[in-house]
Structure formats: structure tokens, C-alpha cells
Amino acid sequence: MQSPPFGGVTDERDGATVSMPLRQSLRVGSYLMRQKLSRNDKFPLLVELEPLFACNLKCAGCGKIQQPASLLKQRMPVEQALAAIEECGAPMVSIAGGEPLMHPQIDVIVDELIKRKKFVFLCTNALLIPKKLDKFKPSPYFTWVVHIDGLRERHDESVCKEGVFDDAVAAIKECQRRGFRVNTNTTFFNTDTPHTIIDVLNFLNDDLKIDAMQISPAYAYEKAPDQDHFLGVTETRELFRKAFGDGNRKRWRLNHTPLFLDFLEGKKDYSCTAWGIPSYSLLGWQKPCYLMSDGYVKTYKELIETTDWDAYGRGKDPRCSNCMAHCGYEPSAVLATTSSLRESIRALRGS
Ligand code: SF4
Ligand code: SF4
């Protein structure tokens with residue numbers, strides 16, 4: 001999946017259901033406190049675990065499925081996945097790919113992570129959910145994250161296949177019926193308008209009653225076949241500012257910190273802190289983030305120690321110039337939240 005979920009600290013609504021359950025907020029809060037007390041200035045909040053690159057779809061904006069055939073055939077052994085997560089110590093894991101449900105032991109990876117009290121987000125295009133759902137059990141540590149880029153016509157166009165939207169909606173309803181927590185992940189391109197954003201988020205929020213929705217401006221992967229539809233920073237800010245108007249931002253159960261939403265609207269700006277949401281795949285820990293590949297290393301420690309973090313971010317590396325991705329800027333927003341009493345209270349109100 002292009003943009004895996006980040007369990008943002010919380011939303012900012014008054015009263016209603018919250019985007020991050022209290023248990024998860026407390027666990028992440030105490031993890032952040034421990035990092036602060038031990039004066040650790042670079043640590044992972046959430047790992048993007050990619051145990052395979054293969055997928056059963058061929059989306060035009062995808063930067064993952066262009067890997068060589070020999071790599072697309074590989075599946076990460078369970079022990080390797082668990083060792084990487086244990087080494088880095090992150091409290092949350094987003095399993096993406098490729099399509100993770102094509103991994104024959106994906107349920108074992110999920111179970112073992114849950115046993116270790118990790119909050120697990122399984123990102124999927126949902127096509128294999130009917131076949132695999134019996135292998136999973138609802139848990140406060142487990143959330144499905146279904147990729148939905150728009151309403152029927154728009155989503156099917158985005159994933160380059162008709163019927164996928166209807167299948168994904170049916171799979172979401174079945175997961176909800178069985179008591180699972182279900183989030184969605186929606187990527188926006190320059191073909192989107194405030195209207196298309198509002199339509200899909202209203203549908204997910206009000207009709208499907210999704211627990212929490214993640215949104216992301218598309219990043220222009222070098223390997224993606226379609227390079228013409230990615231958003232620039234000014235376009236992104238304008239799009240989200242308009243879409244969030246009329247009280248929509250407060251009403252939608254968005255899975256992001258208030259400060260990250262401010263960032264998307266252009267009310268705040270931050271430096272990139274990609275070390276906070278690192279990516280581990282069949283190739284190793286990816287430098288500097290899951291969007292760019294300037295090499296791979298074997299451990300998170302090595303990733304932190306051998307990456308020149310000051311060389312990345314908007315204004316520093318031209319490949320970062322249009323990036324407003326949560327993997328670079330949501331950790332920055334989380335850190336800004338925790339360093340301000342006012343922002344902490346704003347973020348915790350929902351919990
Ligand atoms: S669903 Fe689409 S974007 Fe996600 S991994 Fe498959 S091809 Fe890529
Ligand atoms: S700005 Fe940060 S997250 Fe975005 S591409 Fe550059 S290094 Fe990656």
C-alpha cells in the first residue's frame with residue numbers, strides 16, 4: 001500500500017468516538033515519556049513493516065510493485081519480521097507491502113506482534129479479506145486499514161480495476177459485523193477537488209462508520225508509472241483548507257494529530273522527522289524513509305547512526321520538495337504536541 005496508517009495521537013472532536021483508543025493513547029504517551037526521560041532524541045513511533053512487495057492489484061501511483069520479479073516472489077520469514085520490530089522497540093506496527101494478505105503467514109506475524117503488545121495495523125486493498133478473515137480475531141491491539149482512494153468510480157480508476165470499491169466496502173462491513181476495528185487510508189492526487197475529498201470522507205465517516213480515517217497527499221515515487229498526478233505543497237494546502245471547511249475537520253474521525261492537520265492546511269510547518277516512522281522491508285531498513293531509497297541497512301540502530309538526517313526534508317533535498325507525507329511530518333507534529341501543554345490538552349480531549 002502506498003501510505004500506511006499512523007495511529008495519530010487523537011482527533012479533536014468534542015464528545016464523540018475517538019480516533020485512537022484510550023489504551024493506545026496511554027501506551028504511546030508513556031513510551032514518549034520514557035524516550036524523553038532517557039534523553040533519546042531519535043526513536044521510532046511506528047514501523048512500516050513490508051513483509052513482501054507483491055500485490056494482487058497494479059495501481060498506477062504505486063511505487064512498490066515495480067520491484068524485480070525475483071524480489072516480488074520473496075516473503076519475509078516470521079522470525080525476521082519479529083526481530084526487526086523487537087530491535088527497534090516501536091509501540092505500533094503498520095503492516096503494508098505489497099498486499100500483506102498474500103503473505104502465507106501474515107496471521108502468525110500479526111498474532112506474535114499482538115502477544116508482544118504491539119498495536120498492529122494491517123493495510124490491505126481488502127480483496128483477500130473474505131478468504132483470510134477467519135484467521136484473525138478482534139483485539140484491542142489490532143486494526144484493519146483498508147485502502148479507499150475515492151467513491152466507486154474514482155477508487156476503481158485509482159486502482160486500475162473495476163469492482164474493487166464494491167468488494168472493499170463489502171469486506172469492511174463484514175469486518176465490522178465480526179467486531180473488528182476498521183480504519184481507512186485515502187490518498188489524494190491533483191485530480192482531486194475539495195468536493196471529491198468531502199464526498200469520500202463523508203461516506204466513510206457517516207455511512208460506513210469507519211473508526212478512523214487516514215488521509216495523505218500522494219508522494220511522487222520515482223518508480224510509479226503515473227508521474228503526472230501528484231500534488232505540490234501549495235495545491236495540497238489549498239485542497240485540504242477547503243475540504244476541512246464548514247466544520248468538516250472537527251466532524252470527521254481523522255486519524256491524525258491536530259497539529260498534523262494544521263500542517264496539511266498550511267497553518268504550521270515542520271522539519272522532516274522520518275526516523276519516527278521508519279520502514280523495514282525485505283531489503284532491510286530503508287534510508288531515509290519508505291518513500292525514498294538511498295540504501296538499506298540491517299538494524300534500526302544503524303539506520304539512525306548512518307543516515308544524515310539533516311540532509312532531508314523540504315528545502316534540503318529536491319526529491320523532498322513536494323512531500324507532506326505523514327511518515328516525515330506526523331512524528332514532527334506528535335513531538336510538537338508533547339512539548340506543549342496546550343497542544344497536549346487539545347490532543348487528549350478526545351481520549
Ligand atoms: S493496492 Fe495498489 S498501491 Fe497498494 S501495494 Fe497494491 S498496487 Fe500498490
Ligand atoms: S521529506 Fe522526509 S518523508 Fe518526505 S520524502 Fe523527504 S525524507 Fe522522506
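Overview of values
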{"item": "Segments classed as helices (runs of 4 or more DSSP H), wholly inside the range 247-321, with at least 1 members that are touching a residue at least 40 places away in the same chain (Cβ under 8 Å) and among the aromatic types (Phe, Trp, Tyr)", "result": "258-265, 300-306"}
{"item": "Qualifying positions in the range 294-321 - more than 9 Å from ligand 2 (Cβ to nearest atom) and at pLDDT below 90", "result": "Gly315"}
{"item": "Residue match in the range 143-157 (condition: buried (at least 16 other Cβ atoms within 10 Å of the Cβ) and over 30 Å from Asp192 (Cα atoms))", "result": "no"}
{"item": "Residue within the range 329-338 that is without any contact (Cβ under 8 Å) to a residue 24 or more places away in the chain and either away from ligand 1 (no atom under 16 Å from the Cβ) or open to solvent by 50 Å² or more (accessible area, probe 1.4 Å) (or both) present", "result": "no"}
{"item": "Selection status of Asp134, open to solvent by less than 60 Å² (accessible area, probe 1.4 Å), more than 11 Å from Asn185 (Cα to Cα) and over 20 Å from the mean Cα position of the chain (by Cα)", "result": "no"}
{"item": "Matching entry among Ser271, Ser321 (being within 24 Å of Pro194 (Cβ to Cβ), more than 16 Å from ligand 1 (Cβ to nearest atom) and open to solvent by 10 Å² or more (accessible area, probe 1.4 Å))", "result": "Ser321"}
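Here is a yes/no grid of residues against (1) in a strand (DSSP E or B); (2) in contact with a helix residue (DSSP H, G or I) (Cβ under 8 Å, 6 or more places away or on another chain); (3) within 16 Å of ligand 2 (Cβ to nearest atom); (4) of a type outside the set (Val, Ile, Thr):
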site	(1), (2), (3), (4)
Asp134	no, no, no, yes
Ser139	no, yes, no, yes
Thr143	yes, no, no, no
Gly150	no, yes, no, yes
His155	no, yes, no, yes
Ala168	no, yes, no, yes
Lys173	no, no, no, yes
Gln176	no, no, no, yes
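Residues checked against (1) touching a helix residue (DSSP H, G or I) at 6+ places or on another chain (Cβ under 7 Å); (2) open to solvent by less than 10 Å² (accessible area, probe 1.4 Å); (3) closer than 29 Å to Trp309 by Cβ; (4) within 12 Å of ligand 1 (Cβ to nearest atom):
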position: Asn56; (1), (2), (3), (4): yes, no, no, yes
position: Gln67; (1), (2), (3), (4): no, no, yes, yes
position: Ser70; (1), (2), (3), (4): no, no, no, no
position: Pro77; (1), (2), (3), (4): no, no, no, no
position: Gln80; (1), (2), (3), (4): no, no, yes, no
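The values are calculated or read from the model by the stated rules, or taken from the named source; none is laboratory data. This one's a predicted model, so the numbers in the text were calculated from it and none came from an experiment. Don't worry about glycine lacking a Cβ; one is built from the backbone with ideal geometry, like all the others, and counts go over all protein chains shown. Side chains included, ligands, DNA and RNA excluded: accessible areas come from the protein's heavy atoms. Shrake-Rupley method; radii C 1.70, N 1.55, O 1.52, S 1.80 Å.
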